[in-house]
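Notes to accompany the following structure.
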Amino acid sequence: MMKRNGAYIFQSVNFVRKTNNLKSMSIESEQVLFKLFISELKEMYWSEKMMVKALAKIIKNTTDLYLILLLNLNLEITKNQITRLEYIFEALKVKFETKICEKLKVMLVEINSYIKHYEKGNFKDEIMMLNFQKTAQFRIDSYDSVCEYAKSIGEFVVADFLLESLNEKIKLDLKLTEMSDSNVNSNIQEYFQCT
């Protein structure tokens, strides 16, 4: 896979497979792992699409300019990650389908309730940031496990592609953590002094 004009292009649709790994597995086991891998990819695809919608809402309800900047950056990166997943589906000759990720769905419902319940301001920004970080951690874990699935079935090029998304998520999460660590206590104290 190589990057040309900002787009990723697979050099070969037939990915390099590590034969040692696959020789120790039965064809049946490999098929089960492949189905699990595709199922996880479909959940990730749904998750990233829903996060684009959620990020737009979160940004509209945030007042901190640095947080807005980080969330906008995350929005653009998430859109690129959706494109990566589509390339992977295409390369694997799998239909672009989503599968609802129930865990993330619950987190998004929670974020929506906070958006409705609290007024704009520092406290709401903090709640949005902390809950967004919860979704980010979940998606980091998801990318990590899907990378492992890809490796276990010999899809090393796909694993590298997913690892790129994983690393982007980790870098953004670290920036949010730094911001959260510096703001959380003062914003919560400020909120409770005003109520």
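None of the figures in this text is laboratory data; all of them are computed from the coordinates on show. Since this is a predicted model, take the numbers as computed values, not measurements. A quick note on method: Cβ atoms are made from the backbone with ideal geometry, for glycine too, and the neighbour counts reach across all protein chains shown.
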- Cβ-Cβ below 6 Å, separation at least six or inter-chain, first residue in the range 109-129 and without any contact (Cβ under 8 Å) to a residue 12 or more places away in the chain, second part of a helix (DSSP H, G or I) and exposed (fewer than 15 other Cβ atoms within 10 Å of the Cβ): which pairs? none
- Scan the range 143-158 and give yes if some residue there is of a type in the set (Gly, Ala, Ser), surrounded by fewer than 20 Cβ atoms within 10 Å (Cβ to Cβ) and part of a loop (DSSP other than H, G, I, E, B), otherwise no. no
- Item | Boolean, ASN72 is polar (S, T, N, Q), crowded, with 17+ Cβ neighbours inside 10 Å and touching a helix residue (DSSP H, G or I) at 6+ places or on another chain (Cβ under 8 Å) | no
- Query: Mind checking whether some residue in the range 158-167 is of a type in the set (Ser, Thr, Tyr) and more than 13 Å from the chain's Cα centre (by Cα)?
  - Reply: no
- Query: Within the range 78-99, can you find the residues that are assigned to a loop (DSSP other than H, G, I, E, B) and touching a helix residue (DSSP H, G or I) at 6+ places or on another chain (Cβ under 6 Å)?
  - Reply: VAL94, PHE96, GLU97, THR98, LYS99
- Which pairs do you get when a residue that is touching a residue at least 12 places away in the same chain (Cβ under 8 Å), found in the range 162-182, comes within reach of a residue that is of a type in the set (Gly, Ala, Ser) and in a helix (DSSP H, G or I), reach meaning Cβ atoms under 6 angstrom, with the pair 6+ apart or on two chains? ASP173/ALA136
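Being within 20 Å of LYS171 (Cα to Cα) and assigned to a helix (DSSP H, G or I) is true for just one of LEU75, LEU36. Which residue is that?
Matching residue, one of LEU75, LEU36: LEU75.
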